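Structure, as structure tokens:
We did not get these values from a lab; they are worked out from the coordinates using the rules stated. Here the structure is a predicted model, which is why all the values come from computation and not from measurement. Please note: Cβ atoms are built from the backbone with ideal geometry, for glycine as well, and neighbour counts cover all protein chains shown.
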2 protein chains.
Amino acid sequence: MTGSAGAADEQGREDAVATIQRELTAFARRARAAAARMHPELSLVSFTLLAHLEDQGGCRATDLAAYYLLDKSTVSRQVAALERAGHVERRTDPDDHRMQLLHLTEQGEQVLAQAADRRSQAFHARLADWEPAELDRFAAYLTRYNDEADSPA
Amino acid sequence: MTGSAGAADEQGREDAVATIQRELTAFARRARAAAARMHPELSLVSFTLLAHLEDQGGCRATDLAAYYLLDKSTVSRQVAALERAGHVERRTDPDDHRMQLLHLTEQGEQVLAQAADRRSQAFHARLADWEPAELDRFAAYLTRYNDEADSPA
DNA sequence: TTCGATGGATGTACTCTACAACTACTTATT
DNA sequence: AATAAGTAGTTGTAGAGTACATCCATCGAA
């Protein structure tokens, strides 16, 4: 009997993992376009980079690349665009002229705050009728999933 | 006292939603690159389209576009590439010469199966030490999130 | 002082995507 | 039947995001 119970367990696990895979994939597919709808002035990537800058109180391009697993050339161009847009400023490290410390401008903070706000509102709306306990569990599961060793995604 | 309890609840909800937002966003940011690592021969979008074709036993390009919220030109090019790669075949509907029914080729099925397998393995590995009950709840939460009316993301 | 390492920028190229304009075909209206 | 309106799909164009390879400037160590 343990045999068939084990088989049932395995089937349940199989189904659950398949669902998780499908739903996470579906979410990922829509994320960019959704960000564009929510805050057209700040792409998902830009938003993410600015958020990290705010979070860290400034950092180097290399740090952004490492944190987000992006190529340094990608970050370089993103940062250049953000600077052009007036959202970030670069300050060359006086002790090491190779590095530039990036930090948000006043305007960058405002734009970020506004985008973060719209983004947050959208998530709140989406989760409006969830119980607090459910939200906590969902948050914990997502965190746990993302923290598992590297990376189906 | 209900006042401060309510405030605490609100704070908890705020935190949980912020975490959900952060973790889902982080996942979305990595999904494409992760797919490329898992199955370089089939991009995330290609994989998704093929999977839907398999699922539906064939459908039209327009159906794919509607289902995945993609522009028809995007789908048209994707399908063209998949056809060039020998993964799908088109058959013009004899009753309505505007439409083409798309279906997987033998080879398309194989490639899809292989990619799905690697993908699935990666998710299983990532979720290996989760309890069955946890998997079920996580799957249910994700499904519920994605099914909520339209769409932070 | 010279050489390897590090931070960053640039050249190039590819994918994904959208919008607009177009063709071919079908259905509805007159 | 003729014409208008709608639908399926393709193509021109353009822009974002990304990576890899290469290059430059600077730093630290042999």
Where does helix B:2-38 land angle-wise versus the long Cα axis of chain B, in degrees 0 to 90, nearest 10?
-> 30 degrees
Taking the label point 7 Å from Cα in the Cβ direction, how far apart in nm is B:Ala85 from each other copy of itself, listed shortest first?
-> 3.1
Inter-centroid distance (Cα atoms) of the stretch B:134-149 relative to the stretch A:56-116, Å = 35 Å
Net length gained if the chain between A:Glu109 and A:His124 were fully extended (0.36 nm per residue, minus Cα distance) | 3.2 nm
The ³J(HN,Hα) series, computed from each phi in the stretch A:98-103 with the Karplus coefficients 6.51, -1.76 and 1.60 at θ = phi - 60°, rounded to the nearest Hz and given as x for glycine or proline, is 6, 9, 10, 7, 9, 8
With runs of 4+ DSSP H residues as the only contributors, calculate the mean residue ellipticity of the protein assembly as shown at 222 nm using -39,500 (n - 2.57) per run, divided by the residue total and rounded to the nearest 500.
-> -24000 deg cm²/dmol
For an R0 of 22 angstrom, estimate the FRET efficiency from the Cβ-Cβ distance between A:Arg77 and B:Asp117 and round to the nearest 0.05.
-> 0.05
So how many Å³ per residue does the convex hull of the Cα atoms of the stretch A:55-106 work out to?
-> 81 Å³
Ordered by residue, what ³J(HN,Hα) values in Hz, to whole numbers, does the stretch B:39-52 give under the Karplus form 6.51 cos²θ - 1.76 cosθ + 1.60, where θ = phi - 60° and Gly and Pro are x?
-> 9, x, 7, 9, 5, 4, 5, 4, 4, 4, 5, 4, 4, 5
Shortest first and in nm, the label-point separations between A:Leu69 and its counterparts in the other identical copies (7 Å out along Cα→Cβ) come to 2.3
Of the peptides A:121-129, B:24-32, how do they stack up when ordered by the mean number of other Cβ atoms within 10 Å, highest first?
-> B:24-32, A:121-129
Grab the residue from chain B whose Cβ hugs the B-to-A rotation axis most tightly, plus its distance in whole angstrom.
-> B:Ala28, 2
Take the Cβ-Cβ distance between A:Glu10 and B:Arg98 as r, set R0 to 41 Å, and report the resulting FRET efficiency rounded to the nearest 0.05.
-> 0.35
Project the alpha carbons of chain A onto their principal axes and report the range along each, largest first, in whole Å.
-> 71, 35, 25
Per-selection Kirkwood Rh - the protein assembly as shown (Cα, Å, 1 d.p.) = 21.7 Å
Can you list the distances in nanometres, one decimal and ascending, from the B:Glu148 label point to the identical position in each other copy, with the point 7 Å along Cα to Cβ?
-> 2.3
